[in-house]
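This report concerns only the one structure given below.
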Amino acid sequence: MMKLENVHSYYRTSHILHGIDLSIEEGEVVTLLGRNGAGKTTTIRTIMGLLTPKQGQIIFRGEVISGHKPFQIARKGIAYVPEERAIFVHLSVVENLKIAQVGMHNNLKGTWTVERIFEKFPRLAERKTHRGANLSGGEQQMLAIARALMSEPALLLMDEASEGLAPIIVEQLQKITREIVAEGITVLLVEQNLDMCTALANRHYVMDQGRIVYCGTNEEFIANEEVRDRYLTLSSVERTLEAEE
């Protein structure tokens, strides 16, 4: 469905991604794992056209999309749930959902309506007239995902979806993600919650210092304690910072 081939991305003069190779098949859930600063969000932003790779290419369903603008990539069927959620805080839940369809001219059937979203996210239905600023963190995350679905995506990019959420909300998020995949939507998930990742994913990529250092099936990843310890366990500096917080 999508391939990244030797992708190099920069923030100004800082070389962040060093030759990323990654592929996703239709219907998969694939995770992108790594410590903070490994390059995960940069990879997602590069796919979405928010950064243009200086080298390499991104191919979506046989078409090179690297270098396209974000709105063009969205219209091809890729939706992005950013780490910061980025909902419109002064708009109501319903307005946030409807604005996601403005300017969308893809050829996919309009299967996601406000009514269907409210069936899938009953909490949002209860809060439909509330402004985004008045929603809880979990409700904002649900709205961010729901808004992405309103654009009729074939591929959903989710960046740190469970960050800062209570365990019961994370369980709901897992359930929703499974239901999304059952609808035929492919998911690329950047996530720190390994339990959530192994519960959902078919395959895992691990990044370190802007490079892919591991790729394996869910079963292979669960069995590979060395990779988890080397690339995903908190460093001593991170443990200190976490303790101070």
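Numerical summary
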item	result
Single residue of Lys40, Lys76 found to be more than 19 Å from Asp159 (Cα to Cα) and of a type outside the set (A, V, I, L, M, F, W, C)	Lys76
In the stretch 176-202, residue modelled with the lowest pLDDT [restricted to those that are within 16 Å of Gly37 (Cβ to Cβ) and either in contact with a strand residue (DSSP E or B) (Cβ under 7 Å, 6 or more places away or on another chain) or buried (at least 20 other Cβ atoms within 10 Å of the Cβ) (or both)]	Glu191
Qualifying strands (runs of 3 or more DSSP E) (wholly inside the stretch 1-101; at least 2 residues being in contact with a Gly (Cβ under 6 Å, 6 or more places away or on another chain))	2-11, 14-24
Count of residues meeting criterion [in a loop (DSSP other than H, G, I, E, B) and touching a helix residue (DSSP H, G or I) at 6+ places or on another chain (Cβ under 7 Å)] in the stretch 130-156	4
Count of the stretch 41-92 residues which are polar (S, T, N, Q) and more than 17 Å from the chain's Cα centre (by Cα)	6
The stretch 203-219: number of residues that are surrounded by fewer than 17 Cβ atoms within 10 Å (Cβ to Cβ) and outside any helix (DSSP H, G or I)	6
Sole residue being in contact with a helix residue (DSSP H, G or I) (Cβ under 6 Å, 6 or more places away or on another chain), among the basic types (Lys, Arg) and either without any contact (Cβ under 8 Å) to a residue 60 or more places away in the chain or farther than 19 Å from Ile145 by Cα (or both), chosen from Arg85, Arg12, Arg35	Arg85
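The values are calculated or read from the model by the stated rules, or taken from the named source; none is laboratory data. Computed from a prediction, not measured in an experiment: that's the story for all the values here. Because the Cβ atoms are built from the backbone with ideal geometry, glycine has one as well, and the counts that use them run over all protein chains shown.
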